[in-house]
Amino acid sequence: MSVTLNPALRLRPAARLIVLDPAGRALMFRYDVPGRPPFWVTAGGEVDPGESFEDAARRELFEETGIVADPGPQIARMTPEFVTVEGEPVQADERFFLIRVDDARIDTAGHTETEQALMTQHRWFTLEELESWHEAVFPVELAAMIRSAIAT
C-alpha cells in the first residue's frame, strides 16, 4: 500500500486500539470539543518520541481503559489529515491494533487532563451501530475494518 503524506503538516504517529468485548462490540469514546460537533473514536493516541507503535498501543490502552494487554499485530494503517482536539492541523500516521477483552469494565482514571475535559462518554457499539450512529464515528470504515480482521 502506498501512502502519500502532506509535508506541509506535522506528522502525528498514533496507535489506535480496536477493543472488542466478548459480545464483539467495539469500545468507543465520545469527544465533545467546543465549537465542533461531538464525535466518537477508538482508544489510542500519539506515539511518544522513541516509542514504537506497539509500545504506544500498550501504554494508550492502559491509560485510557485500565486494561493491560498485548496489542497483537497491526491490522490496518490510515493516514488522514485532521485537526486535533487542541486545534492543530496534522497529517496522521495511524496504526490500528485489535484487542479482545474478557471483561467490558473500563477504568478511565488514567485519562489526561485534556481527555478528562473532552472525552465525555464511552460505550460499547455493535458493528451495526457503528455503521448507522447519528454522530460522527472515526474511522468511518471501522465496522468494515473489524469485520475484515475477525474474518481472517
Members of the stretch 64-79 that are without any contact (Cβ under 8 Å) to a residue 40 or more places away in the chain and either more than 16 Å from residue 106 (Cα to Cα) or of a type in the set (Ser, Thr, Tyr) (or both)
70, 72, 73, 74
Sole miss for residue 144 among (1) under 19 Å from residue 31 (Cβ atoms); (2) without any contact (Cβ under 8 Å) to a residue 12 or more places away in the chain; (3) surrounded by 12 or more Cβ atoms within 10 Å (Cβ to Cβ) is condition (1)
Within the stretch 61-74, identify whether any single residue is in contact with a strand residue (DSSP E or B) (Cβ under 8 Å, 6 or more places away or on another chain), assigned to a strand (DSSP E or B) and hydrophobic (A, V, I, L, M, F, W, C), and answer yes or no.
no
Every residue from the stretch 39-66 that is over 14 Å from residue 15 (Cα atoms) and either at pLDDT below 95 or surrounded by fewer than 18 Cβ atoms within 10 Å (Cβ to Cβ) (or both):
39, 66
Pick from the stretch 117-130, criterion in a helix (DSSP H, G or I) and touching a Leu at 6+ places or on another chain (Cβ under 9 Å), ranking: farthest from residue 79 (Cα to Cα):
127
So residue 78, is it among the hydrophobic types (A, V, I, L, M, F, W, C), surrounded by 13 or more Cβ atoms within 10 Å (Cβ to Cβ) and closer than 19 Å to residue 122 by Cβ
no
Picking from 36, 100, 30, which residue would you name as being closer than 15 Å to residue 145 by Cβ, surrounded by fewer than 18 Cβ atoms within 10 Å (Cβ to Cβ) and among the charged types (D, E, K, R)?
100
Could you run through the stretch 1-39 and say how many residues are under 30 Å from residue 69 (Cβ atoms) and either in a strand (DSSP E or B) or of a type in the set (Ser, Thr, Tyr) (or both)?
18
Quick one: which of 108, 114 is under 16 Å from the mean Cα position of the chain (by Cα), in a helix (DSSP H, G or I) and without any contact (Cβ under 8 Å) to a residue 60 or more places away in the chain?
114
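The values are calculated or read from the model by the stated rules, or taken from the named source; none is laboratory data. The model shown is predicted, which means the values in this text are computed figures rather than measured ones. Glycine also receives a Cβ, built like all others from the backbone with ideal geometry; neighbour counts cover every protein chain displayed.
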